[in-house]
Amino acid sequence: MDLHKDAGAATEILRTMWTIRRFEEAVDDMFARGLMHGTMHLSIGQEAVPAGACHALAEGDYITSTHRGHGHCIARGARLDAMMAELLAKETGYCRGRGGSMHIADVATGNLGANGIVAGGVPIAAGAGLAIRLRGQDRVAVSFFGDGAVNEGAWHEGVNLAAIWDLPVVFVCENNQYGMSMSVGKAAKVERLAERAAAYGIPGSTVDGNDPQAVYDAVAEAVHRARAGLGPSLVEALTYRWKGHSKSDKNLYRTREEIEGWRERDPITRFERAVAGTLTDSEIAGCREQARDRVRAAIRTAHAAPDAEAATLTDAVYARSE
C-alpha cells in the first residue's frame, strides 16, 4: 500500500501522528505544572514508528510496548481519556490510576502492556506468539523496544525462543540513538542493530524510522512472513527523541545542534509534504484539529474523574476471592 496516495490511509497515519504529538505535548505541559504523578518518557519525534507499524496490523493482533509507550498505545487504538486518567492517578485510568505512564495495557486492542523493564516486553511477545501457535490462530505479535534493549538478556532469550520455534512475532527496534545517555555507537560494535538478526537465523532490516511508509513496508512484510508460519523478523527503525530520556534528564550528553538537526527531519512535517497531492490543505489541517480536540476532550474527562482511592489499593494487587 502506498500511504501517500491512499487518502484514507494518509488521513489515518497523519491523524495518528498528530494525536501522539499533541497528547505528549499536553502531558509534558501538565507535568511541568505539577499535575502528573511519577515520571514519564516522551517519544516526541518518533511518531512515525508506531503509526506506520500499527497500520500494518489487523484486528486481533498483539503488541507489547515499552516505558516510552504512549505512541504505541495510541496507534493501536487506546482510549485517550483512560490513558490521561491513568497519568493523572484517576480511578478511570487503565490501571485505576495505580500504574501511571509505564503501565498502560489495553487487552481490548491487543495491547499487552507498556513495561517499565527494559526489554521486558520481548519475552512477553514471544509468549503471545506461542499462545497464537497453540491456539491455531491467524494472529501476529509485534514487540516494540528501544536500542538499549538489545543488550539485555531478556531480549536475546525472547528473540532466540521465537526464532527456534518459528513463532509469529515481529521485533521492532525504535533506535532513537540513545539508551538513557549512552550513545548506540558506544553500546554496540555492529553498525546497524538489525545485523543482530543473523545470529538467530531470522531476517533483519534497517529503515528510516521518520518515514511512516518505510516503517509500514518493512513491518507489513514481516507480518506477512509471520502469518505464513515462517517465523519472526527484526526491523530496526532509525529515529530520534527530541526530549530527554525522562523528565529528570538534563540532556548533558548531546548538543543542541544535534537535536535541532533531527527536529528538521520532523516525521509529521515530512509526511504532510509527501501527502500534499493526495490530501487538501483543509484535510491536512483537519487532522491537526481533530488530534487537538481529542486530546483536549481526554484532558477534560480525566480531570473530572474521581481520584484513585488509596483505601482500596490492595484491590489492584491481589485477585478478589469468589
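The values are calculated or read from the model by the stated rules, or taken from the named source; none is laboratory data. These figures come from a predicted structure and were not determined experimentally. We place every Cβ from the backbone using ideal geometry, glycine too, and count neighbours over all the protein chains shown. Please note that ligands, DNA and RNA were not included when accessible areas were found on the heavy atoms of the full protein model with its side chains. Shrake-Rupley method; radii C 1.70, N 1.55, O 1.52, S 1.80 Å.
Considering the stretch 130-151 alone, what residues qualify as being open to solvent by less than 30 Å² (accessible area, probe 1.4 Å), out of contact with any Ser or Thr (no Cβ under 9 Å at 6 or more places or on another chain) and not hydrophobic (A, V, I, L, M, F, W, C)? Result: D147, single match.
Each row is one residue, and each column tells you yes or no for (1) open to solvent by 50 Å² or more (accessible area, probe 1.4 Å); (2) of a type in the set (A, V, I, L, M); (3) at positive phi.
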site: G153; (1), (2), (3): no, no, no
site: D166; (1), (2), (3): yes, no, yes
site: N176; (1), (2), (3): no, no, no
site: P203; (1), (2), (3): yes, no, no
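If you take the residues of the stretch 63-87 that are of a type in the set (S, T, N, Q) and out of contact with any Leu (no Cβ under 7 Å at 6 or more places or on another chain), which of them is surrounded by the fewest Cβ atoms within 10 Å (Cβ to Cβ)?
Within the stretch 63-87, the first condition is being of a type in the set (S, T, N, Q), and the residues that meet it are 64-66.
This time we only want the ones that are out of contact with any Leu (no Cβ under 7 Å at 6 or more places or on another chain), so: 65-66.
Numbers: S65: 30, T66: 27.
Looking at residues that are of a type in the set (S, T, N, Q) and out of contact with any Leu (no Cβ under 7 Å at 6 or more places or on another chain), I get T66.
Just need a number here: residues in the stretch 165-200 that are closer than 30 Å to A131 by Cβ and without any contact (Cβ under 8 Å) to a residue 12 or more places away in the chain. Total satisfying the criteria: 3.
Looking for whichever is open to solvent by less than 60 Å² (accessible area, probe 1.4 Å) and more than 30 Å from L88 (Cβ to Cβ) here; the options are R227, R265, R254. Which one fits?
Values: R227 fails: open to solvent by less than 60 Å² (accessible area, probe 1.4 Å); R265 fails: open to solvent by less than 60 Å² (accessible area, probe 1.4 Å).
After applying the criteria, what remains is R254.
Report whether or not K90 is in contact (Cβ under 8 Å) with a residue 60 or more places away in the chain and open to solvent by 40 Å² or more (accessible area, probe 1.4 Å). Break it down stepwise before answering.
Values: in contact (Cβ under 8 Å) with a residue 60 or more places away in the chain: yes; open to solvent by 40 Å² or more (accessible area, probe 1.4 Å): no.
Spelling it out, it is not the case that K90 is in contact (Cβ under 8 Å) with a residue 60 or more places away in the chain and open to solvent by 40 Å² or more (accessible area, probe 1.4 Å).
If I filter the stretch 93-117 down to residues being open to solvent by 50 Å² or more (accessible area, probe 1.4 Å), out of contact with any strand residue (DSSP E or B) (no Cβ under 7 Å at 6 or more places or on another chain) and not β-branched (V, I, T), which single residue comes out as modelled with the highest pLDDT?
Initially, the stretch 93-117 is screened for residues open to solvent by 50 Å² or more (accessible area, probe 1.4 Å), giving 94, 96, 98, 103, 107-108, 112, 117.
Filter again for out of contact with any strand residue (DSSP E or B) (no Cβ under 7 Å at 6 or more places or on another chain), leaving 96, 98, 103, 107-108, 117.
Still in the list and also not β-branched (V, I, T): 96, 98, 103, 108.
On the way: R96: 89, R98: 88, H103: 90, A108: 93.
Looking at the filtered set, the residue picked out is A108.
Look at the stretch 53-79: where a residue is farther than 19 Å from P168 by Cα and a partner is open to solvent by 20 Å² or more (accessible area, probe 1.4 Å) and in a helix (DSSP H, G or I), sitting 6+ places away or on another chain with Cβ atoms under 8 Å, you get I74/T16; A75/T16; A75/H55; G77/T109; A78/T109. Among the residues of the stretch 118-128, those identified as in contact (Cβ under 8 Å) with a residue 40 or more places away in the chain and open to solvent by 40 Å² or more (accessible area, probe 1.4 Å) are V118, I124. Filtered by the rule that a residue be exposed (fewer than 15 other Cβ atoms within 10 Å of the Cβ) and not aliphatic (A, V, I, L, M), the stretch 268-282 gives T269, R273, G277, T280, D281, S282. Just one of (1) at pLDDT 95 or above; (2) closer than 29 Å to T11 by Cα; (3) part of a helix (DSSP H, G or I) fails for F144. It is (3).
For the stretch 232-251, how many residues meet the condition of being surrounded by fewer than 21 Cβ atoms within 10 Å (Cβ to Cβ) and in contact with a Leu (Cβ under 7 Å, 6 or more places away or on another chain)?
Looking only at that region, the number is 1.
Only one residue in H37, H55, H72 is closer than 28 Å to L3 by Cα, more than 10 Å from the chain's Cα centre (by Cα) and not hydroxyl-bearing (S, T, Y), so which one is that? Checking each option against the conditions leaves just H55.
Annotation note: Cβ proximity below 9 Å between a residue of the stretch 1-25 that is at negative phi and assigned to a helix (DSSP H, G or I) and a residue that is open to solvent by 30 Å² or more (accessible area, probe 1.4 Å) and of a type in the set (A, V, I, L, M) (sequence gap 6+ or interchain) occurs for A9/M1; A10/A274. Being within 30 Å of L3 (Cβ to Cβ), of a type in the set (G, A, S) and part of a helix (DSSP H, G or I) narrows it down to one residue among A218, A199, A237, A154; which is it? Answer to the selection: A218.
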